[in-house]
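Visitor: My structure is below; once you've seen it, I'll send some questions.
The values are calculated or read from the model by the stated rules, or taken from the named source; none is laboratory data. Note that the coordinates shown come from a computational prediction; the quantities given were computed from them, not determined experimentally. Please note: Cβ atoms are built from the backbone with ideal geometry, for glycine as well, and neighbour counts cover all protein chains shown.
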Amino acid sequence: MWQAEAVVDLGAVAGNVAHLRGLTRAEVMAVVKADGYGHGAVPVARAALRGGATWLGVATLDEAYELRGAGIDAPMLAWLVTPGTPLAGAVRRDIDLSAATVGQLDEVADAGRREGRAARVHLKIDTGLGRGGATPQHWPDLVTAAAKAQADGAVEVVGTWSHLACADEPGHPSVDRQLAAFSDALAVAERAGLRPAYRHLANSAGLLSRPDTHFDLVRAGISTYGLSPIAGWPAAAALVPAMTLRARILVTKRVPAGQGVSYGLTYTTPRETTLAVVPLGYADGIPRAASNAGPVLVGGARHTIAGRVCMDQFVVDAGDDPVADGDVAVLFGPGTDGEPTADDWAAVLSTISYEVVSRIGPRARRVYVGAPDTDPAA
Ligand SMILES: *Cc1c(COP(=O)(O)O)cnc(C)c1O
């Protein structure tokens with residue numbers, strides 16, 4: 001008997017990637033960091049590849065090793081590696097690494113020499129995000145060092161890349177500035193003798209809204225999972241949210257008006273009503289900030305969390321709707337059966353859907369549907 005589960009529709013993932021592929025001539029990298037934005041990295045990666053992705057992107061090496069360990073051999077880039085991390089295992093497993101400083105490049109080249117093969121590297125330029133990446137001042141030194149390491153056979157420069165700051169705000173002037181800085185950086189690299197096969201800049205927002213940011217490869221994260229980084233954007237309308245989070249109601253009870261609910265008694269029933277206790281809490285990624293705010297489908301209608309979200313449970317005031325012990329409460333899903341969406345939760349919490357889905361913890365077991373291996377009849 002299940003208690004709480006995140007049902008992940010892998011058919012939706014594959015379909016989303018197929019839709020994204022139709023929007024661009026570039027190759028699609030499905031970004032499956034943070035355990036596939038909470039959906040499960042390995043099953044999502046397989047579904048995304050089935051949908052036409054040709055690359056996988058992750059943050060950490062452990063994430064890359066998990067995918068390789070599962071037998072996934074697609075081209076893969078890991079971009080968040082702390083200096084001093086042993087890299088030979090990454091080179092051996094054909095995991096592409098990012099370098100934004102000469103020091104990082106040296107570490108990658110050393111690993112290549114140690115393994116007796118060219119380590120695959122993507123050079124990162126900061127075009128304006130102000131996070132990772134070489135500044136334009138340091139970029140010439142980086143590409144010069146990379147060209148030399150490539151001539152020595154220690155590295156293969158597979159890509160040059162950068163990341164957008166505001167592509168989720170269509171018309172934001174920073175996108176044009178970042179594009180211009182990226183073009184300048186590519187020209188500098190070319191003068192150093194580097195013409196990498198993969199120039200990549202776009203995230204989901206760039207993919208959906210700015211074809212001029214696509215270059216050779218787009219890095220699609222949130223859109224792979226069927227969520228749009230830009231509210232109401234037409235090209236995102238065909239995306240199908242892949243995760244449905246639901247739980248079985250522990251207990252329901254009829255209470256009179258004036259009943260205080262949950263820690264601090266911050267909610268008091270305004271009239272006689274039915275309370276339903278749901279076994280998910282902030283330890284499962286339901287933010288405490290959703291207290292008296294989070295929307296939940298219970299008893300056939302949307303209701304609001306009553307009182308504080310606890311570590312393992314919260315309470316819904318279901319009014320007079322028919323709801324019984326063991327009934328299913330749906331926190332969010334694609335929105336097609338009256339349930340809230342991750343975007344609805346994000347709006348209530350003043351955050352983004354990325355945070356809503358990626359924080360769902362392991363006590364909500366992951367259940368996969370919509371893939372050939374999960375559904376033999378499909
Ligand atoms: C997470 C991430 C992405 C994916 O961004 P989305 O907005 O989810 O598409 C792309 N590139 C980098 C470097 C990232 O860290």
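Visitor: Just for segment 93-105: of the residues that are assigned to a helix (DSSP H, G or I) and surrounded by 15 or more Cβ atoms within 10 Å (Cβ to Cβ), which one is farthest from the chain's Cα centre (by Cα)?
Guide: It comes out as 102.
Visitor: Collect the residues in segment 286-307 that are surrounded by 21 or more Cβ atoms within 10 Å (Cβ to Cβ), among the small types (Gly, Ala, Ser) and touching a residue at least 40 places away in the same chain (Cβ under 8 Å), keeping them in residue-number order.
Guide: Within segment 286-307, 290, 294, 306, 307 meet the criteria.
Visitor: Cβ-Cβ distance below 8 Å, separation of 6 or more or different chains: which pairs start in segment 364-376 with a residue that is surrounded by 12 or more Cβ atoms within 10 Å (Cβ to Cβ) and end on one that is at pLDDT below 95?
Guide: Note: pairs meeting the criteria are 367/2; 368/374; 369/375; 370/378; 371/378; 372/378.
Visitor: Of all residues in segment 76-85, which are away from the ligand (no atom under 15 Å from the Cβ) and either surrounded by 17 or more Cβ atoms within 10 Å (Cβ to Cβ) or of a type in the set (S, T, N, Q) (or both)?
Guide: Of everything in segment 76-85, those that are away from the ligand (no atom under 15 Å from the Cβ) and either surrounded by 17 or more Cβ atoms within 10 Å (Cβ to Cβ) or of a type in the set (S, T, N, Q) (or both) turn out to be 82, 85.
Visitor: Of all residues in segment 29-63, how many are over 17 Å from residue 217 (Cβ atoms), within 15 Å of the ligand (Cβ to nearest atom) and surrounded by 17 or more Cβ atoms within 10 Å (Cβ to Cβ)?
Guide: 10
Visitor: Does residue 338 fit the bill of being outside any helix (DSSP H, G or I), over 24 Å from the mean Cα position of the chain (by Cα) and surrounded by fewer than 17 Cβ atoms within 10 Å (Cβ to Cβ)?
Guide: In short, yes.
Visitor: If you don't mind, there's one more thing I want to ask. Would you check if residue 113 is basic (Lys, Arg), assigned to a helix (DSSP H, G or I), within 24 Å of the chain's Cα centre (by Cα) and at pLDDT 95 or above?
Guide: Answer is no for this residue.
Visitor: Would you please name the residue that is nearest to residue 95 (Cα to Cα), looking only at residues in segment 115-162 that are touching an Asp or Glu at 6+ places or on another chain (Cβ under 9 Å) and hydroxyl-bearing (Ser, Thr, Tyr)?
Guide: 162
Visitor: Here's a check for you: in segment 145-157, which residue that is part of a strand (DSSP E or B) and crowded, with 20+ Cβ neighbours inside 10 Å is farthest from the ligand (Cβ to nearest atom)?
Guide: Among those that are part of a strand (DSSP E or B) and crowded, with 20+ Cβ neighbours inside 10 Å, it is 155.
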